[in-house]
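S.K.: Take this structure first; my questions come after.
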Amino acid sequence: MAGTAVRGRLTWQVATVDAVVDETPSVRTIVLRLPEWAGHQAGQHLDVRLTAEDGYTAERSYSIASAPGEPVAITVERLDDGEVSPYLTEELRPGDQIEVRGPIGGYFVWPAEEPAGELLLVAGGSGVVPFRSMLRHRRNVGSAVPVRLLYSARSLPDVIYQAELAAAADGVQVIYTLTRQQPPGWAGHTGRIGPGLLTEVAWPASGAPLAYVCGPTPFVEAVAAGLVDLGYPPPRVKTERYGGAEGSG
């Protein structure tokens, strides 16, 4: 995920993998132990760099999935044509080491300690990752800010953090829409997030809510425009985006 911090001020360091957790058949959470970590904010990300034996390097940015104060974790979705994600999701094991730098980003962060109106989180596919950090941070600091998470996924098995979201803290509503496949008897939403679903789920703009939208670029642009149409001031709609089709990660 793209960020806004100046990367030149950060240095690469070697992180040790403490644990890996398979979230879905194509998504894995990786818990890291770093020699130096000044702490991060909910919504920031870090860079990962892999170096091949011939010296070729590849770098990718990944949202931090853990809350401030928790062990640093990232959640990675495997892209079949990717240079980094196949290794991270299939080959990496506890005890292995990778290069990272961060934390990065200051725009897409949620300062739970500051008084605010309702919080709206809209995720497409693996765009839910930074929202896990925000929801955990809300829980850890005892915030009572009402939250609605609208999560668009291809199918129910593609929902990341499904068990954790099912046990969300009081004041957190999780609403799914499944775009490609629904289980028998599914009574929830289907299809992509459009004006009708946004109107139904979004907090009224009159209450000065704060919205965060994360996912593939077309998804983010459509949702952000829809929220502005509902009366959300553009500065109250914070976005983080990446390439690819909806839900591709």
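Rule-based calculations on the coordinates, nothing more; no lab input. All values derive from a computational prediction rather than experimental measurement. Cβ atoms come from the backbone with ideal geometry, glycine included; neighbour counts cover every protein chain shown.
S.K.: Over the chain, how many percent of alpha carbon pairs lie in each 5 Å bin up to the one with the longest distance?
M.R.: 1, 6, 14, 19, 20, 17, 12, 7, 3, 1, 0, 0
S.K.: Would you calculate, for the chain, the mean residue ellipticity at 222 nm contributed by helices, counting each DSSP H stretch of 4 or more residues as -39,500 (n - 2.57) and dividing by all residues, to the nearest 500?
M.R.: The helix-only estimate for the chain comes to -4500 deg cm²/dmol at 222 nm.
S.K.: Regarding the stretch 7-104, what whole-number volume in Å³ per residue does the convex hull of its Cα atoms give?
M.R.: 102
S.K.: Can you tell me the 0 to 90 degree angle between the C-alpha axis of helix 217-229 and the longest principal axis of the chain, rounded to 10?
M.R.: So the helix axis and the longest Cα principal axis differ by about 30 degrees.
S.K.: Further question: Please quote Rg/Rh for the stretch 166-249 to two decimal places, taking the Kirkwood radius as Rh and restricting both calculations to Cα atoms.
M.R.: Ratio of gyration radius to Kirkwood radius: 0.97.
S.K.: For the peptides 32-39, 144-151, what is the packing order when you average, over each peptide's residues, the other Cβ atoms within 10 Å and list the highest mean first?
M.R.: Ranking the peptides 32-39, 144-151 by packing returns 144-151, 32-39.
S.K.: Under a plain spin-label model, where a point goes 7 Å from the Cα along Cα-to-Cβ, how far apart in nm are S206 and E90?
M.R.: Between S206 and E90, the simple spin-label model gives 5.4 nm.
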